[in-house]
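Engineer: Take this structure, written in structure tokens, and hold onto it; I'll ask about it next.
The values are calculated or read from the model by the stated rules, or taken from the named source; none is laboratory data. Predicted, not measured: the structure shown is a model, and the values here were computed from it. Positions of Cβ are generated from backbone atoms using ideal geometry, with glycine treated the same way; all protein chains shown enter the neighbour counts. Heavy atoms of the whole protein, side chains included, go into the accessibility calculation; ligands, DNA and RNA do not. Shrake-Rupley method; radii C 1.70, N 1.55, O 1.52, S 1.80 Å.
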Amino acid sequence: MTGDETSRFVRLRVEMVVEVEDAEQLTGAALARVAEDERMPAEERAHAESVVKEDGAEALAYLVDPFDLVSDVPGIELTQASWSSEMIDYDPDAPDWDPDEDDDDDGESDGDDEHDAEYGHEAMYGRDDRLA
């Protein structure tokens with residue numbers, strides 16, 4: 001790319017900490033989402049139901065869709081998305097709590113918490129993927 005060219009692609013990073021106030025409600029919503037996914041193979045569905053029941057972070061990951069964050073933004077098209085979730089110890093009053101503590105500058109995941117396409121948490125979106 002020369003100095004006269006600019007990339008049309010932007011990496012948007014969003015980090016959130018959410019408090020689970022009702023684990024049963026979260027799990028129920030995630031199980032409903034898994035059940036309504038017609039494209040999920042039966043074997044993957046069984047695995048998804050199992051992990052959603054065991055882990056609130058997994059339940060949340062099944063309910064979050066990055067497409068929803070940008071679908072109404074004019075002039076863009078979501079090209080690729082991946083996301084992860086994990087349970088954390090969080091004390092907003094602790095002076096040493098650093099939200100950027102685990103960030104990798106190289107853009108590579110450690111692989112422990114990253115959800116991949118096998119579990120439906122990474123997607124390549126094209127113009128018509130969400131419209132079908």
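Engineer: Would you call residue 101 open to solvent by 70 Å² or more (accessible area, probe 1.4 Å), at pLDDT below 95 and not in a loop (DSSP other than H, G, I, E, B)?
Structural biologist: Here the answer is no, as residue 101 does not meet what is asked.
Engineer: Moving on to the next point. Is it the case that residue 64 is in contact (Cβ under 8 Å) with a residue 12 or more places away in the chain and open to solvent by less than 60 Å² (accessible area, probe 1.4 Å)?
Structural biologist: no
Engineer: Okay, moving on. Can you tell which of 46, 59, 81 is of a type in the set (Gly, Ala, Ser), at pLDDT 95 or above and either in contact with a helix residue (DSSP H, G or I) (Cβ under 6 Å, 6 or more places away or on another chain) or open to solvent by 70 Å² or more (accessible area, probe 1.4 Å) (or both)?
Structural biologist: 59
Engineer: Additional query: So which residues in the range 27-43 are open to solvent by 70 Å² or more (accessible area, probe 1.4 Å) and touching a residue at least 12 places away in the same chain (Cβ under 8 Å)?
Structural biologist: If the condition is that a residue be open to solvent by 70 Å² or more (accessible area, probe 1.4 Å) and touching a residue at least 12 places away in the same chain (Cβ under 8 Å), then 33 is the only one that fits.
Engineer: Another question, if that's okay. Can you find, within the range 1-42, the residue that is modelled with the highest pLDDT among those that are of a type in the set (Gly, Ala, Ser) and within 23 Å of residue 80 (Cα to Cα)?
Structural biologist: Here the residue is 30.
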